[in-house]
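The values are calculated or read from the model by the stated rules, or taken from the named source; none is laboratory data. Please read these numbers as outputs of a predicted model, since none were measured by experiment. Neighbour counts are summed over all protein chains in view; Cβ atoms, including those assigned to glycine, are modelled from backbone coordinates with ideal geometry.
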Amino acid sequence: MALRKVKGNLERMFDKNLTDLVRGIRNNKDNEAKYIAQCIEEIKQELRQDNIAVKSNAVAKLTYLQMLGYDISWAGFNIIEVMSSSKFTYKRIGYLASSQSFHADTELLMLTTNMIRKDLNSQNLYDAGLALSGLSCFISADLSRDLANDIMTLLTSTKPYLRKKAVLMMYKVFLKFPEALRPAFPRLKEKLEDPDSGVQSAAVNVVCELARKNPKNYLSLAPVFFKLMTTSTNNWMLIKIIKLFGALTPLEPRLGKKLIEPLTNLIHSTSAMSLLYECINTVIAVLISISSGMPNHSASIQLCVQKLRILIEDSDQNLKYLGLLAMSKILKTHPKSVQAHKDLIMQCLDDKDESIRLRALDLLYGMVSKKNLMEIVKKLMVHMDKAEGTTYRDELLSKIIQICSQNNYQYITNFEWYVSVLVELTRMEGSQHGHLVATQMLDVAIRVQAIRHFTVQQMALLLDNVHFLTSGSAQSSTMAEVLYAAAWICGEFAEHLSEPQATLEAMLRSRVFALPGHIQAVYVQNILKLFANILTKAEENQDVDGINKLCEIVAANMPQFVSSADLEVQERASSALQLVQYLQKQVNKGDFGLASEVSALFVGELNPVAPKAQKKVQIPEGLDLDAWINDPPSESSEEDDDDDSAAVLRGINTTDIFVKSDRIVDGYYGLNNKSDKTPEPTEEELEMRRTARKLEQANNPHYLKSRANTKVKNDLNKNLSEDFFDVPVAEIELPVSLKVTGLASPDSYLNLDKRNKTQKKKKKKGKKERDASTDEEDDSYPLHVVNTDIGEMPEGAQLSDDDEDGDSRPNDDPHKALDINLDEPLRDEEKLPIRTHHLPDPVNHIIKSKKKHHKEKDKNKDRKERSKEHRKLKSKSKNKDRNPIEDEKLHGGDNLDLWLGHDPSGYQPVTSDGEKQAMTSEKLPTNSSRSEKGAGESVGSLGKSSKKEKKRSKELKKEKKSSLKMKEGYEEAAGISTPSKEVISDLQGQGLADLQGHSLPSDLPVDPPGGLPHVVTSYTKFAGDKTLQMMYECRLLPQESNQIVLSVLLSNQSQSLVKELDFSVCDTLAIKLIRGDCGNQYGIKLHFQLSPGSTSEAQFAFEVSDVTQPQKLRGTLTYIIEMSDGIASHEKLDFSLLLPCSSFMIGRLPHRDTVTDLLRGGQLTHRNSFAVSPVNRDFSQVLSLVCFRSHFTLVEQVEKTASLYSRSLLGHHVCLLLKADPSSSQISVDGKSNCESLLAALMGELRGFLQVPPA
Amino acid sequence: MIKAILVFNNHGKPRMSKFYQYFNEDMQQQIIKETFQLVSKRDDNVCNFLEGGSLIGGSDYKLIYRHYATLYFVFCVDSSESELGILDLIQVFVETLDKCFENVCELDLIFHVDKVHYILNELVMGGMVLETNMTEILTRIEDQNKLEKQEAGLAAAPARAVSAVKNMNIPQQIKDMKLPDLPQAIKDLKF
């Protein structure tokens, strides 16, 4: 064997290893591909061998080839083989290869689940580490689901190295398996306070990543982070925390106020630039979120700006860059503070580093004022001339325009200047921003009426010098777009042209056809406008020659447009040509006066339309766009059904066109066919025709010409006159279409095809008033008036910025799924999936003893199966015993409102137990398997009460539903929580019956004389808040050897309805709540509601496995309190309950002789005694008290000596001998038992209450 | 989150690539190529941040890089990472390499890309920063190397001898990669 191994190794030595491969590739530079192909063949050979060393060598080589771009997914199986090697060396190679080549969609991953689980649970620290590192690169949804629990377990590993990795890993799990987030979150939260700073840092990292995408769910963690921020010295972590706060503050301005001070301190104290920078960033975020209401925040702003200045002045380019970046954030809210540093920013414009120049440009935006605008723009223009590289130049150009046009040209005092700047900008070569410049030109020309004359002149010049824009290098440039604007402006405002004829000729010049189609189209249209303008003038002067000449020029040059490649241009040019020729004919005939008609084509003023106007057109009341206009056509219709509905739908979308057309047709055919007499069509026929017509119309907007669908058409022709009587009906059904047709004035709007078609003529009336008002507003601008209207909007519509509402994240963004409320308590079904064998259904735990047998069996079975987990749990349960004060401190901050309210005393203590529950029950699906495992491992209900937290109604419903389900369960589990005392009363009564023989001490509640055995209640208050009071009493079930019943009285002390009570306790090793058939959960839902002032009782059975020590129960009661105004809020009440040993004592004497037998038999080996001097009590009172409080039975009393007996639930015997010493008035108590600790505990108890004087 | 970590030389040859988001091999090569083009045309005295590599991420992502002698170390990160922090992380990474390889040079990275990966795995896990403390990182790496040696034991001795013989052919390894002085700002960031 050994020999073979050595032999294998020797063979291996001469295989190519990674180094050889790399060297080979370097030596074969010329035919690298061929060499690598050859290597891959060798690798394939090696992979076929059995020797794992050879295989791993091959895989290592593959990993290298992967980096060079070779797909190695074909070797996935071999990679997995190497991963599963038991040797760390090979495993490492395997995991590296898998992390480089596997991804979430790799199908082979399903083979890896068990192997990875094995590695995660490996004894070797680094095996688990490897598995985690590898898994983080390729984890899939399936793996996340299957391994979530194992990774969770690693969170509590004793090794910080693994905890750290597991914490980071959880983030990846959440991304792929969002359901894990809620169950896992409590433990993740614990890790924020891990003793190891690396783990802490990792946890902060994960929470930051989670919170960055869904900040609102993590607001409640703010106190924890705040504490970390003020105590930690780990800069990495501080940076993350501070970044996180930056994301949280916009949601909670109060948080911002609390942060300002510590952040300012950090800014002053830290020497680490990275931390300083993040602090400044977050302070800025804070200041933005609370921009009002902070009196002294100007100081903070000043501090930030000052520090940023230091960064910007630094010689380190990185700091300079970041300084400018942060500065631009301040700029948005506090431009004044930034403006003070104009000099510095202007300096940065000259920086050699382009990134810095771009950042500085961003800032310039806020630097400008009316005074310095021209200066700054001039500087930028100079830069633009000098700049190399078109991208930077383009950036400059767009910045110039952005700076000038901001806030409706707020800073421009002289628009002639601006127009000249725009014209100047057109000279820039190779720019991609032609469209931007063109838009600006149009905008200025339209909005600034005073400047129009100048603008038009300039545009005429541009048109005259087209060659500058279209020549040479302009191929890649879009500057020709400017001609679009120029042509339109010259045409539209032709009256401002000094030489319209020259401009017209310039536009007709031959180079024009080289321009893009849409520009040519504008040319044609505006040539007509110019033509109309000149014609009008000529006509006034009776200049027939001039008109003739004009027409000739146009007619001569128009054909070049007619032959344009662009359809639209062709069409427009042909009509224009016909029009001009017709005009010429008419003029030559001596028919004047046509000019006014031609110009009538272009009357009407064009107003800017608001960008969102189309969207804002309100749907008229009563119009349902989804409803059928006509009844949906029946199947029997001639037409294909699909076509039909499509036609109707399309008909709705384009109603204006059709209704309009209908009218024309109506008139036309109406005239011609009036005399035709056709038989009255039946209702059915009419309906059929209507549908047919609709289809026809929808398919062909120009349907007057169309005769394609002959069958339908024939029908139509036959019955046209009747048919069209129906049309008005259709119109009435479509109120919207009527309105739209009313405003159609096609000619004047033709040029505005990009704009909104739905603007209404009515608006025109308002126009003048608006202009007047803007005039007033703009008084401060001496030179030109800008029409700063946002543009026309439909009536009643408001312009808003947030039209795009809703989550803008793409649907496949994993973070969308992680938008989960973490403050809600965990629901029953929320748990991490675990690996389980199929277990029998949980047995109903009712107070009937029959089912006990099954339970025992299950228990044993489970124990075996889970012994491993058991061990883990045990080690964990140690951690559990944290002292409550610490817990309080830890969780007190949970109440964000209180925390933010600067009220340190208002911390609402929330014991950690409530938060630590879940896991046990998750891991152990049946009650029976829970025994002796304790509650150590837990993921908790994130229960937390926050006043502002409001439940969404949907969830409420869900909960209601589940509580209903619970109810059914409880009816089977009789007696557990029925609000009735009867079940127990007679049991206790028996114990008490013995007491009846003796006079009851006066300080005890006395039964009604002669009454039936009745429970003497000794309810003790153990918890309460302002809404609820909780009292308890402990009762025993003698026929159940190991159960007690806790009867809890809940009284509602508030004025509101309390409902959805959920009682949950944290099971301990010794005592467990029996949860009926709802086996897996932690709490029990109470199915009653508490009206104001009412009291109800609930009873809970507990299984007790250790009676020898007093037991402490901790738990939580959650409930919903519903105010009178319908607001419901979740509340939580934590309690802890000390059950003394006497609670587990049954005071019944099986047989008179039992005690004698016991004492004689010597079983009671343990002894304990004490003496007390009971205050104000005589012997009989003491005796009664002992019997009552500690559940003892009086066996025999001889004068001042009495013997008592009791036994515990689990059958321990305790005998007491009470003797009163008349001389010292002391009572000595002697106890004997077969259980030492039980006896000691009981004696302690007795001594305790005997010393207390009666109330 | 860190989306990718790339190491390539002055000619754009990849020396190590780690993607924390899945891209197929062709895409990976393309990203490396594009990143190289973006980074290589920048002077050494300009800032180390670069916005807008179009292939990875989008507007939220930044390239943060450092140039050491013949190698570029590029991290592609989103806005949840601190720019200066990542610069420092690169420094920690390179210093760790320097310690592990004793005066690291490009050749070390060429022939031991697997080791580079192992080292990186101790710094960054699944795109999140795992550890920044160099001592801790070095301990972990040494521990694992020890483990590997233990496993190899005697059986590996002949193999080691052979590889030593093979290595003799390598031309004198040039140890030219020197770490430049850190800017003050970075030195301040202590962990």
* Can you name the residue in region B:118-150 that is at the interface with chain A (Cβ under 7 Å from one of its Cβ atoms) and polar (S, T, N, Q) and is also farthest from A:ARG163 (Cα to Cα) among such residues? -> B:GLN144
* Structure fact -> Within region A:413-447, the count of residues that are part of a loop (DSSP other than H, G, I, E, B) and without any contact (Cβ under 8 Å) to a residue 60 or more places away in the chain comes to 8
* Residues of region B:5-48 satisfying the condition of being out of contact with any strand residue (DSSP E or B) (no Cβ under 7 Å at 6 or more places or on another chain) and facing chain A (nearest Cβ under 8 Å) -> B:TYR22, B:ASN24, B:GLU25, B:ASP26, B:GLN29, B:ASP43, B:ASN45, B:VAL46, B:CYS47
* To do: Inspect all residues belonging to region A:131-146 and state whether any of them is touching a Pro at 6+ places or on another chain (Cβ under 8 Å) and either modelled with pLDDT under 90 or farther than 19 Å from B:GLU136 by Cα (or both).
  => yes
* To do: Determine whether region A:294-302 contains at least one residue that is in contact with a Phe, Trp or Tyr (Cβ under 8 Å, 6 or more places away or on another chain) and either in contact (Cβ under 8 Å) with a residue 24 or more places away in the chain or buried (at least 20 other Cβ atoms within 10 Å of the Cβ) (or both).
  => no
* To do: Test A:ARG254 against the stated conditions and say whether it is more than 12 Å from chain B (Cβ to nearest Cβ) and either in contact with a Phe, Trp or Tyr (Cβ under 9 Å, 6 or more places away or on another chain) or buried (at least 22 other Cβ atoms within 10 Å of the Cβ) (or both).
  => no
* Asked: Within region A:1126-1143, can one find any residue that is modelled with pLDDT of 75 or more and touching a His at 6+ places or on another chain (Cβ under 6 Å)?
  -> yes
* Hey, among A:LEU111, A:LEU96, A:LEU68, which residue is out of contact with any Leu (no Cβ under 7 Å at 6 or more places or on another chain) and buried (at least 19 other Cβ atoms within 10 Å of the Cβ)? -> A:LEU96
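For every residue, the table says whether it meets (1) surrounded by fewer than 17 Cβ atoms within 10 Å (Cβ to Cβ); (2) of a type in the set (A, V, I, L, M); (3) in a strand (DSSP E or B).
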residue	(1), (2), (3)
A:LEU1138	yes, yes, yes
A:THR1156	yes, no, no
A:ALA1171	yes, yes, yes
A:PRO1174	no, no, no
A:CYS1187	no, no, no
A:GLU1196	yes, no, yes
* Could you pull out the residue among B:LEU107, B:LEU97, B:LEU84 that is facing another protein chain (nearest Cβ under 7 Å), over 19 Å from A:VAL199 (Cα atoms), outside any loop (DSSP other than H, G, I, E, B) and not aromatic (Phe, Trp, Tyr)? => B:LEU84
* To do: Quick one: in region A:1222-1252, of everything that is among the charged types (D, E, K, R) and in a strand (DSSP E or B), which residue is surrounded by the most Cβ atoms within 10 Å (Cβ to Cβ)?
  => A:LYS1232
* Of residues in region A:82-119 being of a type in the set (Asp, Glu) and out of contact with any helix residue (DSSP H, G or I) (no Cβ under 6 Å at 6 or more places or on another chain), the one nearest to the other protein chains (Cβ to nearest Cβ) -> A:ASP105
* Asked: Using beta carbons and a limit of 7 Å, which pairs, at least six apart or on different chains, have the first residue in region A:1233-1252 and under 16 Å from A:ASP1106 (Cα atoms) and the second one in a helix (DSSP H, G or I)?
  -> A:SER1233/A:LEU1239; A:LEU1238/A:CYS1141; A:ALA1241/A:CYS1141; A:LEU1242/A:CYS1141; A:LEU1242/A:SER1142; A:LEU1242/A:SER1190
* To do: Scan region A:1021-1070 for residues that are hydrophobic (A, V, I, L, M, F, W, C) and in contact with a Cys (Cβ under 9 Å, 6 or more places away or on another chain) and jot them down.
  => A:ILE1044, A:VAL1045, A:LEU1046
* Asked: In region A:509-535, what residues are among the hydroxyl-bearing types (Ser, Thr, Tyr) and either outside any helix (DSSP H, G or I) or at pLDDT below 85 (or both)?
  -> A:SER510
* Inside region A:21-45, can you point out the residues that are buried (at least 22 other Cβ atoms within 10 Å of the Cβ) and more than 14 Å from every other protein chain (Cβ to nearest Cβ)? -> A:CYS39, A:ILE43
* Asked: In this structure, is A:VAL617 of a type outside the set (Ser, Thr, Tyr) and modelled with pLDDT of 85 or more?
  -> no
* List the number of the failed condition for A:ASP105; all other conditions in (1) in a helix (DSSP H, G or I); (2) within 24 Å of B:LYS3 (Cβ to Cβ) hold. => (1)
* **Residue that is without any contact (Cβ under 8 Å) to a residue 60 or more places away in the chain and closer than 22 Å to A:SER1064 by Cβ, where the choices are A:LEU1117, A:LEU1138** => A:LEU1138
